[in-house]
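A.B. asks: Have a look at this one before I ask anything.
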Amino acid sequence: MHSDLIAAENLAYNYQDGTRALDGVTLSLPHNAKAAILGPNGAGKSTLFLHFNGLLRPHSGLVYYKGKALQYHTKALQVLRREVGIVFQNPDNQLFSSSVFQDISFGLMNQGCNPAEARRRVEEVGSKLGIEPLFSKPTHFLSVGQKKMVALAGVLVMEPELIICDEPTAGLDPGNAERFMRVLDELHRQGKAMVISTHDVNLAYQWADVVWLLNKGKVLAQGSPVEVFSQREVLKAARLETPWLLETWQEMAALGLASPNLPPRSKSQFRQTLIKP
Ligand SMILES: Nc1ncnc2c1ncn2[C@@H]1O[C@H](COP(=O)(O)OP(=O)(O)OP(=O)(O)O)[C@@H](O)[C@H]1O
Ligand SMILES: [Mg+2]
């Protein structure tokens, strides 16, 4: 576990009003892995994310990054936050500069990056996300989905090792959701690790290497998408459906219409499992 990129060990956290948001969470993310965390509203997903870059400090338990327990003094947190970037669930918590361009470049300028290099990086990320036309717009005039894309850009330009996105596709149209996930995949191919939270079981099943299920501050399951989504009782407890690909394949395999050996993770793999009459 301590050889993983980031790990939580027996984390517990209570908010000031006494809400126990995390209750003994132990999980870990291997280097260069893509993880999806799922669970009902209030399960503790966002609270866990805030522990990953030290914005919240656990009441008990430890967070390890690259094998070392987090330290909470300013210097250590500055270093950590350069490596662990978070896109918050609500982009209004992230955007505060007057224009989109300024907002995306804020972190870089703050770190002393020279303006030409900052412009190059902002333009590169902006073009990948298709938000260049918004550069001169005031952030408060953006639509919700546009704000989300801009908040993502502001994190990506910092080139963090671990990218954490809290419900990245919520509120995005299908084209932008796909673009967003494509950019994450490209970063993954470049060696980055990432964690997203989502309520979309189909996205998690097809995209993630590792799935974490959280409910009432506790881990209900963790493992590969096939391992986790094959546990019907656990899904029921987390009020989640079986992903359509897995369910359709299970039914067809039971009828002898699909090969029962390897559950497909994509439509093309699904086609290959079909047994032709
Ligand atoms: N600042 C706060 N003060 C008190 N309780 C809080 C605070 N923030 C979150 N909580 C509570 O902590 C629990 C976990 O909340 P959290 O936001 O982590 O859930 P979540 O899994 O991200 O939910 P969602 O799917 O709705 O985003 C909830 O019961 C919530 O009401
Ligand atoms: Mg949340």
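The values are calculated or read from the model by the stated rules, or taken from the named source; none is laboratory data. Remember, predicted model here, so these are calculated numbers, not experimental data. Cβ sites come from the backbone with ideal geometry, for glycine too, and all protein chains shown count toward neighbours.
A.B. asks: Quickly run through the range 19-45 and pick out the residues that are touching a strand residue (DSSP E or B) at 6+ places or on another chain (Cβ under 8 Å) and of a type in the set (V, I, T).
C.D. replies: V25, T26, I37
A.B. asks: Please specify each residue of the range 241-255 satisfying the condition of being within 21 Å of the chain's Cα centre (by Cα) and exposed (fewer than 13 other Cβ atoms within 10 Å of the Cβ).
C.D. replies: To start, the set of residues in the range 241-255 that are within 21 Å of the chain's Cα centre (by Cα) comprises 241-243.
Once the filter is applied, which keeps residues that are within 21 Å of the chain's Cα centre (by Cα) and exposed (fewer than 13 other Cβ atoms within 10 Å of the Cβ), the range 241-255 yields only E241.
A.B. asks: Okay, next question. Considering the range 172-204 alone, what residues qualify as being over 14 Å from the mean Cα position of the chain (by Cα) and within 16 Å of G130 (Cβ to Cβ)?
C.D. replies: Looking only at the range 172-204, we keep the residues that are over 14 Å from the mean Cα position of the chain (by Cα), and these are 172-176, 178-179, 186, 189-191, 202.
Answer for the range 172-204, where residues must be over 14 Å from the mean Cα position of the chain (by Cα) and within 16 Å of G130 (Cβ to Cβ): L172, D173, P174, G175, N176, E178, R179, E186.
A.B. asks: Using the structure shown, decide if L108 is under 28 Å from H31 (Cβ atoms), hydrophobic (A, V, I, L, M, F, W, C) and outside the structural domain of N53 (by TED's automatic domain parsing).
C.D. replies: On the way: under 28 Å from H31 (Cβ atoms): yes; hydrophobic (A, V, I, L, M, F, W, C): yes; outside the structural domain of N53 (by TED's automatic domain parsing): yes.
Yes: the conditions hold for L108.
A.B. asks: Can you tell me which of Q222, Q206 is more than 15 Å from ligand 1 (Cβ to nearest atom), in contact (Cβ under 8 Å) with a residue 24 or more places away in the chain and within 22 Å of A21 (Cα to Cα)? Talk me through it step by step, then tell me what you get.
C.D. replies: Working: Q206 fails: within 22 Å of A21 (Cα to Cα).
Checking each option against the conditions leaves just Q222.
A.B. asks: Using the structure shown, decide if S268 is touching a residue at least 12 places away in the same chain (Cβ under 8 Å), surrounded by fewer than 20 Cβ atoms within 10 Å (Cβ to Cβ) and of a type in the set (G, A, S). Write out each step before concluding.
C.D. replies: Working: touching a residue at least 12 places away in the same chain (Cβ under 8 Å): no; surrounded by fewer than 20 Cβ atoms within 10 Å (Cβ to Cβ): yes; of a type in the set (G, A, S): yes.
The answer is no for S268.
A.B. asks: Only one of A193, A258, A177, A238 is surrounded by 14 or more Cβ atoms within 10 Å (Cβ to Cβ) and either within 16 Å of ligand 1 (Cβ to nearest atom) or of a type in the set (F, W, Y) (or both). Can you tell me which?
C.D. replies: Answer to the check: A238.
A.B. asks: Still on this model: Being surrounded by fewer than 21 Cβ atoms within 10 Å (Cβ to Cβ), over 16 Å from L220 (Cα atoms) and touching a strand residue (DSSP E or B) at 6+ places or on another chain (Cβ under 7 Å) narrows it down to one residue among H59, H51, H73; which is it? I'd like the intermediate steps shown before the answer.
C.D. replies: Working: H51 fails: surrounded by fewer than 21 Cβ atoms within 10 Å (Cβ to Cβ); H73 fails: touching a strand residue (DSSP E or B) at 6+ places or on another chain (Cβ under 7 Å).
None of the others qualify; the one that does is H59.
A.B. asks: Also, I was wondering about something else. Select from the range 161-174 the residues that are crowded, with 18+ Cβ neighbours inside 10 Å and assigned to a loop (DSSP other than H, G, I, E, B) and list them in ascending order. Reasoning before the result, please.
C.D. replies: Taking the range 161-174 first, the residues crowded, with 18+ Cβ neighbours inside 10 Å are 161-169, 172.
The answer is E161, E167, P168, T169, L172.
A.B. asks: What's the total number of residues in the range 134-160 that are touching a residue at least 40 places away in the same chain (Cβ under 8 Å) and buried (at least 16 other Cβ atoms within 10 Å of the Cβ)?
C.D. replies: 14
A.B. asks: Could you count how many residues in the range 20-34 are out of contact with any helix residue (DSSP H, G or I) (no Cβ under 9 Å at 6 or more places or on another chain) and farther than 17 Å from G61 by Cβ?
C.D. replies: The qualifying residues number 2.
A.B. asks: Suppose we keep only residues that are within 15 Å of ligand 2 (Cβ to nearest atom) and surrounded by fewer than 23 Cβ atoms within 10 Å (Cβ to Cβ) within the range 22-46. Which one would you say is nearest to N90 (Cα to Cα)?
C.D. replies: Across the range 22-46, the extreme among qualifying residues is S46.
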